[in-house]
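Beneath this line is the structure, given in C-alpha cells, with notes to follow.
The values are calculated or read from the model by the stated rules, or taken from the named source; none is laboratory data. Treat the numbers as computed from the prediction; the structure is a model and nothing was measured. Please note: Cβ atoms are built from the backbone with ideal geometry, for glycine as well, and neighbour counts cover all protein chains shown. Protein only, heavy atoms only, side chains kept; ligands, DNA and RNA dropped before computing areas. Shrake-Rupley method; radii C 1.70, N 1.55, O 1.52, S 1.80 Å.
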Amino acid sequence: MNPAVPEIPGDSPLKAAQAPAEQAAVTPAVAPWPNPLAHLQIPFRAVDYEVKGYHLEVTVAPGEVVAVATQLDKEGLALDTITGVDWMAEGQMEVVYDYFHLAKPLRVVVRTRIPRDKPEIDTISGVFPGANWHERETHDFFGIKFLGHPDLTPFLLPEDATYHPLRKDFVA
Amino acid sequence: MTEKADFLTGDVAAGQPPRETFVLNLGPQHPATHGVLRVKMTMDGEYIVRAEPVCGYIHRMQEKMGENRTYAQFLPNTSRIDYLSAMTYTHAFVGAVERAAKIPVPPRAEYIRVITSELNRISSHLVWWGAFLLDLGGFTPLLYAFDDREKILDLLEAITGARLTYCYYRFGGLCNDVDDSFIKGTREFVAHMRPRLKMYRGLVTENIIFRKRLEGIGPISQEMCRKYGATGPVIRGSGVSYDVRRVEPYSAYPEFDFEIPTFPGGDSMARYLVRMEEMVQSLRIIEQALDKLPAGPVMADKVPRVLKLPAGDYCYAVEAARGRFAVRIVSDNKEIPYRVKLRTPSLSNLSLFEEASKGMLLPDALALMGSLDLVIPDIDR
Amino acid sequence: MKAFPASEIIVSAIFILCLATTGLGALIAALSVRIIRSVCGLAICCIGLAGLYYFLHSPFLALMEILIYVGAVCVTIVFAIMLAEPDEQPQPDRHGANILWGGIALTVSVALLWGLWRLSCEADFTSPPNLMTDGSIRAIGISLLTTYSLAFELISLVLFVAILGALAIARTGRTKP
Amino acid sequence: MNETPLYDRPEIYFAAAAFLLAVGIFGLIRRRTLIGMLISGELIFSAATLNVMAFNRFRAPDPAVGQIFVLFIMGLAAAEVGIALSIIIAVYRNYRSVKTKELSELNG
Amino acid sequence: MMQSLSGFIAGFWQFIASLWPEPLRLVLFLGGIMAFVGLNAAYLVWVERKGAARFQRRPGPTEVGYAGLLQPIADAVKLLTKQLIVPAGVDATLFRAAPLMVMAPALMSLAVIPFSDVLSARNINVGLLMIFAFGSINVMALMLGGWSSRNKYAIISAARIVSQNVAYEIPMLLVVITMVMVTGTMNLSDIVKAQAGPFWHWNLFKVWVNPLMPVTFLIFYICMLAETNRAPFDMAEAESELVAGAYTEYSGMGFGVFFMAEYANILLGCSLATVLFLGGWQSPIGIWSGVVWFLLKLYFLVFSVVWIRWTFPRTQFYGLLNLSWKILIPVSLFTLILSSAMLKLIKPFAA
Amino acid sequence: MKSALKEIAVGFNSLITGMRITLGQFFKRSVTLQYPHESLKMSERFRGHIELVKDPATGKAICYACKLCERACPSDCIIVEGAKLDGAKKRSVTTYQLDFTKCSLCGSCVEACRDGAIRFSHDYNLASLSKEEFVMDLFKRLETEREEEERREGKPASAVPVAVKPEAAQPAAGQTKVEVK
Amino acid sequence: MEAPEDNSQLLKDCSPYVKFAKLDELLALGRANSLWPLTFGLACCAIEMMAAGASRFDLARFGAEVFRPSPRQADVMIVAGTVNKKMAAAIKTLYDQMPEPKWVIAMGNCAISGGPFVFPGQYAVIEGVDKLFPVDVFIPGCPPRPEALIEGLLKLEEKLTGKRRWPVVKPE
C-alpha cells in the first residue's frame, strides 16, 4: 500500500524515481560511433545523418526481412514504422522498415524490393507485434500482402475496400 | 497498489476460457474515445476479454495528398494531422524539407520554433489533462485547463493568426517574426502557469479518488513499449528516458538545459505524472529560449521559390506532444514529392492497447486509453 | 378518519384498489410471458399487499413488505434475469392443460378458503378497536428481543448462511478473462 | 353505517389470500423457467403471510405475534430467494438455460 | 419576524385543518409537495448549472430570462415537445413506466418530511421506514429502465446501480438505526423535536452520545450521494464510460423525468440529512425556529452536493464497492455499537 | 490498520484540499467573454478569409489578376479573372471568386502575392443558413463596399483610410526587428 | 418572454391591449433556448467546439452547454470535422437516432464541403455533410473560432424564432 502523496511532479522524488539503469541510458547528443551493429552479418551502410535523417541503411532480399528484424530486436531497437513505396516505372514495390534505438542516436532503415505484380512478403509481426498495424496499413495503401499476418483486413479504409489508393496507378 | 477488483474477482479459477461474453461497440461516437475511434470490445461482464481498436473513421488521405501537392502546398496539411500539437508536426515536415534541400535556418527562427513548439506542447498537454479528467468523470479541470490554454492560444494567435492550425513555419524559417508583446506575454504566461500547475496538483494529482483510479492501472512494460514502438510520455512513463529531443537532437534543443521526466511505474499514473512534469520542463525551455533569443532574421536568405528536392529519401523526427513524429519524404527530383510517409506517435501508442487492456475492467481500460493521449486523426491521417 | 361524510366510501374504495392491485399483480406475475413482467407483477402485487397490511393495522409490516419484497426480492430477481436471460417463448396453445391445472389450483385454494372460512366463522371474533398507529413497533421490538429472541437469532443465522451460500454457489464457475 | 366496513371483514382477506394461493400454485405448475417458478413461489408465500396477518388482526388481536411471524416469513423468503437465485445462476452457467424442460439430466 | 411568520403559518394551518377534514388536507399537501418538488427540481437544475459555472469561472445561463432564470422552463418546454422514441425491440410498457416509477417514490417520501412544526403532509410513526421503503422502489425502477432499454450500456449501468444501491443501503440503514436509537423514535417530527435547542443539541454535535457523531453524519452523507447516484458515485450515468448509462435510450420527457427524479432524490436525501442530523427546522440559536431554517440547511446541503460534483472525478466502481464494504459498513457498525453502549451508560445519568 | 487509517486521513485531506480549491475559484471573477455583447479585436495577423485590398489612390482593387494566388492555393479555392480595361495601363481584376468552404486558411495566397493585393479579413464569426454564401466574389464585394461608402459619405472612397498596410501580411522578408536584451 | 406581434388584421386591432403568445412561438422559444448538442467531435473543429463550451466563451449562457453523449437526448448535432466514407454510415445512424425536432450545424470547412481535403481523385472524404442529411447552419473556417460557433447557434435560434435577440457583431 502506498499511503501518502509521493511522486508529484516538481518535487525532488522525481529523481529518485528514475530507474538507475535508464539514468545511464540518457546519452549525449553525439552519436557513439562506431556502428553498434557492425558485428551483424548484414552489410549495413552508414549514411550522413545530417543529410538523410538516419544513420544506417541496408537493402536486403525480401526473404531476409524477418531475420533482420529479429537481429535488430535483439539489439534493442524498436520498430518505427513500415511503409511502402510504389516504383511503378520499375515495376517494383519497395517496403521500407524504419527502426530506432531507444537510448542511442541510431536509426536504421531496411529496404527491400518486391515485384509489383506479386507483392508478397513475410510479416514481421511475429517479431514486433507493433508491426501488425503498420503492415495492415501498408496492405491498405499498396496491396502488399504480408504472408503470415494474423489479420489483413482493411485498417484505415472502409471494411469492404478493395482499392489501394497509394498505388501510383490508382484512380478513385 | 496492485490489488484491484479483489472484492469482485476474489478467488477466480484462472486460465479457463471465458464463456459469457458479449461484444460492446465503443464508438465511433463515444465520449471516451475523443473523436471517432471505435473499439470493438469483447466483454465478460465488465471485464475486457479483447479490445480491438478499429481505426479509419477519420482517414483523410494525408499521405495521398502529399503525392498530389507541392511541398509548400502540403505544408498546411501538417497542422491538421495532430491538431493539438500542430507546431511540432509542421516542424517535422519543414525540417525534412530543409534537411533535404540544405536550407540553413537562422538561429532566431530556430529559437522561436522551440518557443512556439513548447508552448504548443503545453497547450496540448493541457487539453489532454482536461480531457483525461473528463474521462475520469471530473468536468471542472477541463475548463481550468482550457482557461490556461486560451492564454497560450492568444499568444500564438497574435503571431500566427490562427488558434489551432498555425501553419507558422516555412521552409527556411518562419512566416512572421515575433514582437515584444509576444515575448512579454510569454513571460507572463510562464509566471502564470507555474502556480496553476501547483493548483492542478492540489486539485487533481493528490486527490485520493484520482490516485485510486490511476495507480497500478494499465501497466505497460518497457519491453511492450519497445515491441510496439510506443514513444513519448507512454514510454517515459515506463521508465525509459527516450526523447527525440535528446536522442536525435534537432533545432535549437541542444542548447537548452532540461530534464526528460521518467517514471518507472508504467501505470497510468506514471504517464500522467510524466506529462505534468513535461509541462514544467517546457516552461523551463521557454524561459531559457526567451532569455537567449538571438536577434537576426527569421527567414533564410535563399529559399528557392520552386522547391525540388534531390532524389532520395529524407527523414526528420521530432518529439511531438504524443511522442515521436517522423516524416519520411521520398523525392524523385520533382516539385511534388514522390511519397510522403507520416509516422505518427498515436498509432504506435494505441497499437499496444489491445494487449495492455486484456482482462481489465471497462473503466480502467478507458483510463488507460485516456492516459495514452490519443488524437484520432493522428492515427488515421 | 373523523366525521367526514364520504370517508367510509373513500376508504373502502382505497381498500378495493389495494385488493385489485394485489390480484392484478399476482395475475401478471403468474401469467405474463416475459419473465421481466412477471417480476414487475410481483412488485405490484407486493405493493397492493402492503396496502392490505396497512388495513390490517400494521403500517410497519406494510413498509417492511415494500422494503423487503420490492427493494430486495424483486431487485434480486431482476438482477438474476440480467445474468441469465430466460425469456420464455410464447408456447404453443395448450389450453386444455392450462384449464386443467388452473382448475386444480382453484380447487385447492377454494378448499383452503372454505376451511379458513369455517374456522373463522366457528370462532366468534370481535372487531378490535381501531388502532392505526398503536405501539405495535415497540411491542414487536420487545417481543423480538424477549419471547422470540431465539427465533430472531435463528432467522438472522439463516439469513447469514443464506448469503454465504448464495455467494459460494454463485461464485463457482465464475471465470476471469 | 352499522354494517362492518369492507376492510374489516376477515373473509375478504381470506378470499384474497386464497386467490393469491391459487394463482401461485397455477404459476408454479405452469411456469417453465426456474425464475418464473420462484416468482410463483413468492406469491404463495404472500398468500400465507396475508392469512397470518388476517388471523392476527381478527382472531388474536395481539399487536406483536402475528407480525413477528410475518417478519420471519419475509426473512425466510428473502433468504430463499437469495439461495434460489444463486442456484439458478449456477445452473445457467452450466447449462446455458434455466428452462426446466432442458434441465433434465437427472431424468436419465 | 421568523417566529411570527411561522406562527402565522401554523395558525393558518390550524384554520385550514379545522375547516377541511383529513383526506382533503392530505390531497392538498400532496399537491403542495408535488409543486415543491417540481419547482425545486427545475430550479435545482438551474442552481446546478449556475453553480457549476461559478466553480468554473463562467457565468452560466444568462441569456434566457434574467440570469437564465427561464432556462429550466425553456428546457421543460423543449423536452415536453420532443419526440418520444421507443426503440425497436424494447419492452415498451416497462420502458415508459420506468421514469414514472422513479419519480413517484420520491414524491411519496417527501410527504413525511416535516418542513416545520406543523408543515408536514403526513406525520406517521414510521416515517423513516417509509422513506426507505419507497426509496427501494427507486432502485427497481432505474433497473427496469436500464434493462428495458435493450442497450448494453444501459444494462451494464443497471447492474451497477443495483450493486451500488445494495452496497450503500446497508451503511445507510445502520446509520439511520443509530439515529433511531439516539432519538428513540422513527417519527421524523419527533426526531426533530428531540433536537430542540441551540445547535449543540443537534444530533450532529451530540458527541456525548456518540463521540463519532460527525463521522456518522459523514457516512450518511456519502451514502446519500451514492444512493442518489450523484458524483463522485454517478455510476448510473457514467458519461465517459457508459454514454448516458441507464438513460441512454431515453429521449424527450422520459429523460426529463429521470433528470427531475435525480434532483427530487437529492432533495429528499438532503431533507433527511437535515432532519436526522442538523435539527430540521430548529434554529441554531434555540429561538425563532421555523421552516426558514429547514430550507436554509436543506439548500446548504444541496449546494454542497453540487460543489462535490464539480470538484471530484468519478470513483472507480470497485473502489466504490470497497469503500462501502471495507470502510463504511464496519465504521457504521462500530458507531452503532458505540452509541448503544454510550446510551446505556448515559441513560442512568440523564434520567 | 495504522497505515489504513493514515491513508483515510490523507485521502480525506486531499478531498478537502480539492474542495477548497474549487471554492476559491467560485468566488473569483468569471473569465468569460460575453460574445454577442462584447467582442474581441482580432490581432493584426488574424487569418480570416482573404479579401482584396483597395488602392488608396484609386479606390479600386490593387489586384491585376496575375493568378499567382490561384496557383499557390493548395485547395483550388480561388478563381481569378482579369481583363485589360479600356484606357488602363495594366490588367485589372474582374472576378475574384473565393470558395471559402474549401479554404484551409494557410496563407499561401497572401504570401504568393507580390503586390500586397490580398490580405486576410478579420471576419471571424461567419455563420449562415446556406453554404452558397461562402462562395464569394471578392471583387464584387469590394465594389459594393466602395459604392456604399461613397454613397454614405458622399465623397470619393479615396479618403477612406486603409487600415492595414500591405506589408503587415507580407512574408518574413520585411519584418520588424525585435531587440532582445 | 415577450409575446410576438401577430400579423393578421383582426388581431392587429386589439394588439395594443392584448398580446397573443401563440403556442408555436412559445415552443420555438423554448426549443431555441435549450439546444442540447450531441457530444460528437471529429477532428480539429471539435477542439474549438470544446473551447466554445469552456469558460472563455461559455455556450452555457445560451443554455447550450448540456452536451449529451447519447443522441436520444440531443437536439442539435454539431458536425465538427471531416466526415469520411467509413464514418458516413455511423453519422447517418446518429442523425436518425436523434428525436425530432433536430438540427444540424456543419462546423468547419470539412463538414461543409470536405474543405482542404478535397482534391481531384480523392477517395475518402464526403464533400459536405449536407449530402447525408439536411444541414441548418454552416459555419466556415478552418477551424472557425469559438465565436463563430456561438454565432452559428444564434443563427439557429434566429431560424427557429424568426428574430434575433442579440446584437450583431461586426468584426474589426
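Annotations for the structure displayed:
Conditions (1) in contact with a Ser or Thr (Cβ under 8 Å, 6 or more places away or on another chain); (2) assigned to a helix (DSSP H, G or I), marked per residue:
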{"position": "B:Lys198", "(1), (2)": "no, yes"}
{"position": "B:Ile217", "(1), (2)": "yes, no"}
{"position": "B:Arg226", "(1), (2)": "no, yes"}
{"position": "B:Arg271", "(1), (2)": "yes, yes"}
{"position": "B:Glu278", "(1), (2)": "no, yes"}
{"position": "B:Glu287", "(1), (2)": "no, yes"}
{"position": "B:Gly296", "(1), (2)": "no, no"}
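- With respect to the conditions (1) in a loop (DSSP other than H, G, I, E, B); (2) more than 29 Å from F:Ala57 (Cα to Cα), F:Glu133 lacks only one, and its number is (1).
- Qualifying residue in the range B:242-258 (condition: in contact with a strand residue (DSSP E or B) (Cβ under 7 Å, 6 or more places away or on another chain) and outside any loop (DSSP other than H, G, I, E, B)): yes
- Taking helices (runs of 4 or more DSSP H) as the structural unit, those lying wholly within the range G:73-172 and holding at least 1 residues that are more than 9 Å from chain F (Cβ to nearest Cβ) and surrounded by fewer than 20 Cβ atoms within 10 Å (Cβ to Cβ) correspond to G:85-97, G:146-161.
- Among the residues listed as D:Ile12, D:Ile35, D:Ile39, the single one being open to solvent by less than 20 Å² (accessible area, probe 1.4 Å) and either in contact (Cβ under 8 Å) with a residue 60 or more places away in the chain or under 30 Å from C:Ser143 (Cβ atoms) (or both): D:Ile35
- Index of the failed condition, A:Val68 passing every other in (1) at pLDDT 85 or above; (2) open to solvent by less than 20 Å² (accessible area, probe 1.4 Å): (1)
- E:Ala196, sole failed condition from (1) open to solvent by 10 Å² or more (accessible area, probe 1.4 Å); (2) of a type in the set (A, V, I, L, M); (3) part of a helix (DSSP H, G or I): (3)
- Unmet criterion (only one of (1) open to solvent by less than 20 Å² (accessible area, probe 1.4 Å); (2) more than 10 Å from chain B (Cβ to nearest Cβ); (3) touching a residue at least 40 places away in the same chain (Cβ under 8 Å)) for A:Arg113: (1)
- Within the range B:41-56, the presence of at least one residue that is away from chain F (no Cβ under 14 Å), touching a Pro at 6+ places or on another chain (Cβ under 7 Å) and among the charged types (D, E, K, R) is confirmed.
- Test: A:Val66 is within 23 Å of B:Glu319 (Cβ to Cβ) and in contact with an Asp or Glu (Cβ under 6 Å, 6 or more places away or on another chain): no
- Qualifying residue in the range B:308-321 (condition: surrounded by fewer than 23 Cβ atoms within 10 Å (Cβ to Cβ) and part of a strand (DSSP E or B)): yes
- Selected residue (criterion: farthest from A:Pro115 (Cα to Cα)) from residues of the range A:78-95 that are within 8 Å of the chain's Cα centre (by Cα) and within 9 Å of chain B (Cβ to nearest Cβ): A:Ala78
- Taken together, A:Val109, A:Val85, A:Val127 contain a single residue that is modelled with pLDDT of 85 or more, outside any loop (DSSP other than H, G, I, E, B), within 20 Å of B:Lys227 (Cα to Cα) and not acidic (Asp, Glu), which is A:Val109.
- Cβ-Cβ distances below 6 Å connect the following pairs, each with a first residue in the range B:46-69 that is closer than 20 Å to A:Glu135 by Cβ and without any contact (Cβ under 8 Å) to a residue 60 or more places away in the chain, a second residue that is open to solvent by 20 Å² or more (accessible area, probe 1.4 Å) and of a type in the set (D, E, K, R), and a separation of six or more residues or different chains: B:Val54/B:Arg38; B:Val54/B:Lys40.
- Some residue of the range B:155-178 being without any contact (Cβ under 8 Å) to a residue 60 or more places away in the chain and farther than 21 Å from F:Phe120 by Cβ: no
- Selection within the range C:57-79 - hydrophobic (A, V, I, L, M, F, W, C) and modelled with pLDDT under 80: C:Phe79
- Residue that is nearest to the other protein chains (Cβ to nearest Cβ), among those in the range B:253-280 that are of a type in the set (Gly, Ala, Ser), at negative phi and open to solvent by less than 10 Å² (accessible area, probe 1.4 Å): B:Ala270
- Across the range B:148-162, the qualifying residues are those that are open to solvent by 10 Å² or more (accessible area, probe 1.4 Å) and facing another protein chain (nearest Cβ under 7 Å), and the one among them that is nearest to B:Arg305 (Cα to Cα) is B:Ala162.
- Where A:Val68 falls short, out of the listed (1) outside any helix (DSSP H, G or I); (2) more than 23 Å from B:Ser346 (Cβ to Cβ); (3) away from every other protein chain (no Cβ under 11 Å): (1)
- Top-ranked residue in the range B:228-241 [being assigned to a loop (DSSP other than H, G, I, E, B) and in contact with a Pro (Cβ under 7 Å, 6 or more places away or on another chain); ranked as farthest from the other protein chains (Cβ to nearest Cβ)]: B:Gly232
- Residue list for the range F:89-111, restricted to those being surrounded by 24 or more Cβ atoms within 10 Å (Cβ to Cβ) and among the charged types (D, E, K, R): F:Lys102
- Residue under evaluation A:Lys52, criteria (1) charged (D, E, K, R); (2) closer than 24 Å to A:Leu166 by Cβ; (3) touching a Ser or Thr at 6+ places or on another chain (Cβ under 7 Å), criterion not met: (3)
- Among the residues of the range B:64-88, those identified as more than 15 Å from G:Pro116 (Cβ to Cβ), open to solvent by less than 10 Å² (accessible area, probe 1.4 Å) and in a helix (DSSP H, G or I) are B:Tyr71, B:Ser85, B:Met87, B:Thr88.
- Complete set of residues in the range E:249-270 that are within 18 Å of G:Ser34 (Cα to Cα) and not aliphatic (A, V, I, L, M): E:Tyr250, E:Ser251, E:Gly252, E:Gly254, E:Phe255, E:Gly256, E:Phe258, E:Phe259
- D:Ala64 vs. criteria within 14 Å of D:Leu38 (Cα to Cα) and either under 15 Å from the mean Cα position of the chain (by Cα) or modelled with pLDDT of 65 or more (or both): no
- Top-ranked residue in the range A:118-172 [being in contact (Cβ under 8 Å) with a residue 60 or more places away in the chain and open to solvent by 10 Å² or more (accessible area, probe 1.4 Å); ranked as nearest to the chain's Cα centre (by Cα)]: A:Val127
- Unmet requirement for E:Leu129, which otherwise passes all of (1) farther than 30 Å from C:Gly141 by Cα; (2) in contact (Cβ under 8 Å) with a residue 24 or more places away in the chain; (3) at the interface with another protein chain (Cβ under 8 Å from one of its Cβ atoms); (4) not acidic (Asp, Glu): (1)
- With respect to the stated conditions, F:Glu81 fails to be open to solvent by 10 Å² or more (accessible area, probe 1.4 Å), of a type in the set (Asp, Glu) and within 14 Å of chain B (Cβ to nearest Cβ).
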